[in-house]
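Presented below is the structure to which this report refers.
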Amino acid sequence: MKKIIFLFVLFFSVLFAFSQEKIVADKIVGIVGDKIVLKSDINSAISDITRQGGQAPDDCSILDGMMVQKALVLQAERDSIPVSDDDVEAEIDQKIRYFIAQYGSKDALEQIAGRTIYQLKEDFRQPIREQRMAQGMRNKVVQEVKITPSEVKEYYDRIPKDSLRFYESELQIGELIVYPKASHDIEKLAIDELSEYKRQVESGLRKFDVLAKLYSDDPGSRDKGGEYSISRSDKQWDPVFLAAAFRLKDGQISPVIKTQFGYHIIQMVSRNGDDALIRHILRIPQITDVEINAAVQKLDSIRGQLINGTIGFGEAVAKYSDDPNAKFTAGLKMARDGSTYLTIDQLDKEVVKLLNDLKVGEYSKPTPFTDQTGKKGVHIIELISKSDPHRENLKDDYNKIAQRALEEKKQAALEKWFRAKIPSYYIMVDNDYKHCPSMIKWESSITASK
């Protein structure tokens, strides 16, 4: 049997393909219970993987993965596995934002897809719900699977020595950030500038998008005239910004508002329920050397407490950090996959420079920096741990090895569950796919049920 987990994860990585790719002649190629797989589903999955630059597996593997998902969904329905409508909506919005970012704008996405954003959301709804149901069922099947130290060692001993993984140097890093506040006079200047931009647009003297290109401090939207597609359900947006935007009518411009990023004016371009197209101009009040030096002195005092042991790093982060994400990470810098172990190439050059002079357990001196949004801050870096480049071993890499061993054990539990469950489902495999080695488990179930 092919690895079910691999196929399961593979299917989850496939983005739902656009509707115009389904205009080819279609037919049912697989059935599990009352769930069907169409030939066009396989074609769309292959097209979507290759569109993203991946190497698509063969039709047989994709059909197997889709039938695995259908079986999990079928059992999830029988077991009443809950799926939240809010979670489905949030994932739909996330996919739409991904595609808009890929193709440059909402209009470009709709043109390429041949579908409106509303229609695309409806296209996504059932596949995403099924994905979540299947994941919930899989979690239920393997939730009691645990791993013991002896099993981890047995797993490690089975790995050929020349196949052990090689790890580059990995670091765990803590960061405490303070963002200096601009003086009252400079903040008032930013507010006055935005108020003047608002007056000019409303009087017809200037266009909002032109002013955004000239004066906005937001590098993510400046070149697009300050334009963004936003959703009321998108938790990534500043709540003050969202609330101000959705109070506007089409064409209306907000008063000056303050968020964690600076001061804004927002123009509502168009709105469709909880989705909207807006423009904004951001002005970040300029931080002078006076404010920077004050922040450096503040962090220097905190660093002294850290060195003396009168305060722990996590406590200092909770008490003093201005980083909005710090409360979730305790100041730990994290990779995109959520790991707290980072390689040098995953770090900013400025952070790497600070680490050059640090030993494990030491703290950098307070250092000014500018983040990706152009916001100026001052930070302290703690080097928590650092590993040397090495070949994988139980002493240094136990947690990573244990995680793989656990996944292998869950794989075995899932395969055992499938062997027990498949005979209870109605199964059909199209003749064009009966030659596939991955169809053996499904074909044996058909034979057994006759």
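Tabulated data
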item: Test: residue in the stretch 362-372 that is more than 30 Å from T148 (Cα to Cα) and in contact with a Ser or Thr (Cβ under 8 Å, 6 or more places away or on another chain); result: no
item: Output for the stretch 146-175, where each listed residue is within 16 Å of I401 (Cα to Cα), of a type in the set (V, I, T) and not in a helix (DSSP H, G or I); result: I147, T148, I159
item: Where G104 falls short, out of the listed (1) within 30 Å of D345 (Cβ to Cβ); (2) in contact (Cβ under 8 Å) with a residue 60 or more places away in the chain; result: (2)
item: Qualifying positions in the stretch 18-33 - surrounded by fewer than 16 Cβ atoms within 10 Å (Cβ to Cβ), hydrophobic (A, V, I, L, M, F, W, C) and either modelled with pLDDT under 90 or outside the structural domain of G65 (by TED's automatic domain parsing) (or both); result: I23, V24, A25
item: Matching residues in the stretch 321-341 - criterion: being more than 17 Å from the chain's Cα centre (by Cα) and on the phi < 0 side of the Ramachandran plot; result: S321, D322, D323, P324, A326, K327, L332, Y341
item: Residues within the stretch 72-82 that are buried (at least 21 other Cβ atoms within 10 Å of the Cβ), among the aliphatic types (A, V, I, L, M) and touching a helix residue (DSSP H, G or I) at 6+ places or on another chain (Cβ under 7 Å), tallied; result: 3
item: Qualifying residue in the stretch 307-315 (condition: under 21 Å from the mean Cα position of the chain (by Cα) and crowded, with 17+ Cβ neighbours inside 10 Å); result: no
item: Unmet requirement for D289, which otherwise passes all of (1) touching a residue at least 12 places away in the same chain (Cβ under 8 Å); (2) more than 30 Å from K386 (Cα to Cα); result: (1)
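Here is a yes/no grid of residues against (1) exposed (fewer than 14 other Cβ atoms within 10 Å of the Cβ); (2) modelled with pLDDT under 90; (3) closer than 22 Å to M67 by Cβ; (4) assigned by TED's automatic domain parsing to the domain that holds I344:
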residue: A405; (1), (2), (3), (4): no, no, no, no
residue: K409; (1), (2), (3), (4): no, no, no, no
residue: E415; (1), (2), (3), (4): no, yes, yes, no
residue: A420; (1), (2), (3), (4): yes, yes, yes, no
residue: Y425; (1), (2), (3), (4): no, yes, yes, no
residue: D430; (1), (2), (3), (4): no, no, yes, no
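The values are calculated or read from the model by the stated rules, or taken from the named source; none is laboratory data. Since the structure is predicted, the reported quantities are computational estimates derived from the model, not experimental observations. Note that each Cβ is placed from the backbone with ideal geometry, even for glycine, and that neighbours are counted across all protein chains shown.
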